[in-house]
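The values are calculated or read from the model by the stated rules, or taken from the named source; none is laboratory data. Keep in mind it's a predicted model, so treat the numbers as computed, not measured. Neighbour counts are summed over all protein chains in view; Cβ atoms, including those assigned to glycine, are modelled from backbone coordinates with ideal geometry. We work out accessible area using only protein heavy atoms, side chains counted, and drop any ligands, DNA or RNA first. Shrake-Rupley method; radii C 1.70, N 1.55, O 1.52, S 1.80 Å.
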There are 4 protein chains.
Amino acid sequence: MVRTTLVQIDNYGPWTVTPEPRRETDLQALQSSIYADLSTAFGAHESLVFFSRFDNVVCFTEDVSVDEHRAVQRSVGNRYPVTVSMGVADGETPKEAVGRASALVQNEGSAQDSDRKERLVSDLSGTDSLQVAHFDIENATERYTDEIDAYGCHLLVERAGLALMEEMWERDATTFFVGGDNYISVAPFLDADEYGEVVAAVEERTDVELKVGVGEGGTPAEAGMAAKHGLEDSRNGGGRVEFY
Amino acid sequence: MVRTTLVQIDNYGPWTVTPEPRRETDLQALQSSIYADLSTAFGAHESLVFFSRFDNVVCFTEDVSVDEHRAVQRSVGNRYPVTVSMGVADGETPKEAVGRASALVQNEGSAQDSDRKERLVSDLSGTDSLQVAHFDIENATERYTDEIDAYGCHLLVERAGLALMEEMWERDATTFFVGGDNYISVAPFLDADEYGEVVAAVEERTDVELKVGVGEGGTPAEAGMAAKHGLEDSRNGGGRVEFY
Amino acid sequence: MVRTTLVQIDNYGPWTVTPEPRRETDLQALQSSIYADLSTAFGAHESLVFFSRFDNVVCFTEDVSVDEHRAVQRSVGNRYPVTVSMGVADGETPKEAVGRASALVQNEGSAQDSDRKERLVSDLSGTDSLQVAHFDIENATERYTDEIDAYGCHLLVERAGLALMEEMWERDATTFFVGGDNYISVAPFLDADEYGEVVAAVEERTDVELKVGVGEGGTPAEAGMAAKHGLEDSRNGGGRVEFY
Amino acid sequence: MVRTTLVQIDNYGPWTVTPEPRRETDLQALQSSIYADLSTAFGAHESLVFFSRFDNVVCFTEDVSVDEHRAVQRSVGNRYPVTVSMGVADGETPKEAVGRASALVQNEGSAQDSDRKERLVSDLSGTDSLQVAHFDIENATERYTDEIDAYGCHLLVERAGLALMEEMWERDATTFFVGGDNYISVAPFLDADEYGEVVAAVEERTDVELKVGVGEGGTPAEAGMAAKHGLEDSRNGGGRVEFY
């Protein structure tokens, strides 16, 4: 069982153009500051936080209580010109959990409903442990960053990432870009063969070679750190798929 | 002519795993804080700033001097545990400018070379004006955000975005996700027919309908704000492509 | 019993002038960002955090474990160019607790010792509840902010604040400026007569009239919120000293 | 002539307790984040920014235009739940400039008037150069930080600071705490004898020995950096008062 929190900014689209469109660099600074604060606050509770679409942030929050969610929600409301609603749900797989968390928020009203404000809804049945996979691109700096232009790299990372997201989603895992050439999945308990198939499929579709470290643990932070160590093993002479 | 700045974090990959892997939420908070600060600092100089891969941030910096770049670079070095190098170049198109800015940084050493630190290199010939296009997805909230799960939306926005980025790159434009269902291009001076072709191509490839506002101006902020007004015109009964 | 954490930036003075003096606005942004993060992180654990001298931040951290402190310390180290050491100690009074926390840090080495880095030392015996007092100046906006110049107000608030700090320190309480015309004390369990004496003494010394709300609770956040409600009672027709 | 900007948060006091008192750590994080952003934004324009009372921030903004002020004001409004009003004025001395800037803001309405929102008023006649003095306490780390408890140090720095502020204000200079044991004055063009008298007066009143570096320049950042170099000269064997 895995716990997912969907954090959705209330009525954000309309706010960005009311009374007239707001300057883009201000919006970028606002969104990334909120995301930095969510990372700090949920990070203090051993979670993982992904920016996803920035106005919809997806968190994995094993063991984080509803009261602790409320404290984070209140803090955003006290520090920013916008508020957030949250849905918190447990599921057998990340796919199921994110589906349930999304439905909880949607049941409260539209993302652009000005009456829906600071809702916090949850449907919790308990969690135990989870699996995290940390992917990156084989020799990305030598092959790409130092060789081709920055936008070519950007596109290449996007293409490989989309293929990876689609392959993993078919296996009920949610995968997010985390910067550089890195992608992190919260996955059901896939085995090494399945990761091998995913890596092969991405290479077949995009010509980009990935490697991956996989870790498990009682909290997202613990499983995520194990995945990072697995990836280090891969970098230091290990295989393309390394469980830690 | 358009001016592009590539901001690259020095030796970032190695730093994230030295002496051992650092916690992901800390890295996310760090990256997004640096990006928020770059948005604020270059935003004060009428620029546009895109997170791209977070360790490689792409900025459009018409009229921003080398000294003003140096002040931003110094401020990052004084406030964060990492430093940045910058390449600043002018080009006939965004594609050409980003290529030149990338080459300037690459010539200084690898992104993972511990001896390359806080370089600032430029090749400036002067700029005049530029075109910005602001895309979003037709009725995204009603059709997707309020209807399907958050990760399904995430994937859909990624797919449409990648198709858009590829179509625009063929036309020498650089396009970046800016949150929600929004994408912003800095483009050579494309006309309404070309934008119509791009929107049609994305729909054909992904089934997602885009609309776009287009603006021009002497600074990225000015052109970007005009593009937002064009998009508002489209939302308020205008066509799928609206020049402002 | 009350728990105090002294957070001291390691070797900060030398860092600010190495290799040459750093720009003041960068240092101000750095210090206040670290303080904002400490407020967010300890605030998530029901604490109170005071900027004190910025390079020495004083926190009241009832019930916050050593592991939770370590997570905050690690996060600062991962996000900023400086590190922090921490001393955590319990005491019968705030004065005793801050004395013990200070001694723990001092025993690890000088604040300007380049070998002392990221120490975390504690001496905990358990806590139960504490008292917080929230002071402000009677009619500060009408009498001062709207009437005299900003620096005159600044000086007046400083004078009243210093008198208040000294009067409370004689009673084993630690008192900090928190912005505007507000001061917060973490106090041993003083009674209404003692607060009346303090308010009278400050008026006698500086001609500034204070009022105060007093609250008690199991955590600093709870006691602090009760104190705010007491102050609201005072504003709404209550006396100069209001227990909640 | 010196230019001062008073930045005042609109209707802040009432906001902090509406609909009920907000958590103190949230308010501290909010205030210090706004201050960090003001430091970054005005710092990009070679200014100096002092937190003063946090809801009233005092800036020295030689050469910063009204339009540039408006961009900073807009950015705060787009990123925070509160707005700011600004008064910008030139004066023969810092005292005169801060008086004029304060009067401009006061004329727009009370700091707690809910109808006064995002005003920007200015009265500019041109500026030329200014003098900045950077004070710190002789051997503060060895004598105090490493020897006595953190709150005892806090009180000692407050006492010396208040005496310094009062002595300098009599000489038409505005002086602010900037962290640690450091104070910065923006001063009319005082000479070495006058600084000697100030340092002697503070020692007589509080037993605390100060030293000071003094610099002059066309912008606050330039004069402030010269003052820091003067203070370094004092640290490295120079006298108690060093002009750079």
Checklist line | Derived scalar couplings ³J(HN,Hα) [the range C:126-139; Karplus, 6.51 cos²θ - 1.76 cosθ + 1.60; whole Hz; x for Gly, Pro] | finding: x, 9, 10, 8, 8, 10, 10, 10, 10, 9, 9, 8, 4, 6
Next item on the list: Filter the GluC sites (Glu not before Pro) in the range C:1-104 to those in DSSP coil with at most 12 other Cβ atoms within 10 Å of their Cβ, and list the result.
Entry: C:GLU92
Note to self: Please compute the average number of Cβ atoms from other chains found within 10 Å of each residue's Cβ in peptide B:40-48.
What the structure shows: 6
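Which semi-axes, in whole Å and largest first, does the equivalent ellipsoid of the range C:2-123 have when worked out from the alpha carbon gyration tensor as the square roots of 5 times its eigenvalues? Intermediate results must be reported in sequence, preceding the final value.
On the way: eigenvalues 108, 51, 30 Å².
For the range C:2-123, the semi-axes come out at 23, 16, 12 Å.
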Check: If the label for D:ASP233 sits 7 angstrom from Cα along the Cα-to-Cβ line, what are its distances to the same label in every other copy, in nm to one decimal, shortest first?
Finding: 5.9, 6.1, 6.2
Check: Of the accessible area of the range D:44-88, with the probe set at 1.4 angstrom, what percent is carbon plus sulfur?
Finding: 45 percent
Margin query: Report the Cα centroid-to-centroid distance between the range A:45-103 and the range D:125-170 in angstrom, as an integer.
Written below: 45 Å
Next item on the list: Name the residues whose placed amide hydrogens come within less than 5 Å of the amide hydrogen of D:SER122, ignoring near sequence neighbours (fewer than 5 apart) on the same chain.
Entry: D:VAL88
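For peptide A:70-81, compute the average count of partner chain beta-carbon atoms within 10 Å of each residue's beta-carbon. Please list the in-between numbers first.
Values: counts 0, 7, 2, 0, 3, 10, 2, 3, 10, 14, 5, 8.
The mean count of partner-chain Cβ atoms within 10 Å per residue comes to 5.
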Next item on the list: Could you tell me the accessible area of C:SER65 in Å² (1.4 Å probe, neighbours in place), rounded to the nearest ten?
Entry: 50 Å²
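Take peptide B:16-23, look around each residue's Cβ out to 10 angstrom, count Cβ atoms belonging to other protein chains, and average those counts.
5
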Item checked: Percent breakdown of C-alpha pair distances by 10 Å bin, ordered from the shortest bin, for chain A -> 8, 30, 33, 22, 7, 0
Check: By accessible area of protein heavy atoms, probe 1.4 Å, what ranking do B:MET1, A:MET165 get, highest first?
Finding: B:MET1, A:MET165
Notebook entry, point to check: Going by alpha carbons, how many degrees (0 to 90, nearest 10) lie between the helix axis of C:150-170 and the longest principal axis of chain C?
Noted result: 80 degrees
Item checked: Rounded to whole Hz, the Karplus (6.51, -1.76, 1.60) HN-Hα couplings of the range C:235-240, x for glycine and proline -> 4, 9, x, x, x, 6
Check: How far is helix D:66-79 tilted, in degrees, relative to the longest principal axis of the Cα atoms in chain D, given as a value from 0 to 90 rounded to the nearest 10?
Finding: 70 degrees
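Quick one: compute a quarter of the convex hull surface over the Cα atoms of the protein assembly as shown and quote it in nm². Before the final figure, lay out each step's value.
Working: hull surface 144.2 nm².
Taking a quarter of the hull surface, the average projection is 36.0 nm².
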Next item on the list: Report the residue of chain C with the smallest Cβ-to-axis distance, using the rotation axis that brings C onto B, in whole Å.
Entry: C:PRO81, 3
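With every protein chain kept in place and ligands, DNA and RNA left out, what is the accessible area per residue of the protein assembly as shown? Probe 1.4 Å, answer in Å². Spell out each step's value before the answer.
Values: 31060 Å² over 976 residues.
Roughly 32 Å² per residue, with all protein chains present.
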Item checked: Convex hull projection area averaged over all views, the range B:130-243, Cα basis, nm² -> 6.3 nm²
Margin query: Counting each pair of different Cα atoms once, what's the Kirkwood radius of the range A:83-197 in Å, rounded to one decimal?
Written below: 16.4 Å
Next item on the list: Write down the percent of antiparallel bridges among all DSSP beta bridges whose residues are both part of chain A, to the nearest 5.
Entry: 85 percent
Note to self: Solvent-accessible area of D:HIS229, probe 1.4 Å, all protein chains present, reported in Å² to the nearest ten, please.
What the structure shows: 50 Å²
Check: Applying the Karplus parametrisation 6.51 cos²θ - 1.76 cosθ + 1.60 with θ = phi - 60° to the phi angles of the range D:105-121, what ³J(HN,Hα) value in whole Hz is obtained for each residue in order, glycine and proline being reported as x?
Finding: 5, 4, 5, 7, x, 5, 4, 10, 8, 6, 8, 8, 8, 6, 7, 9, 10
Notebook entry, point to check: How compact and how long is the range B:1-74, expressed as Rg and Dmax of its alpha-carbon atoms in Å?
Noted result: 13.5, 44
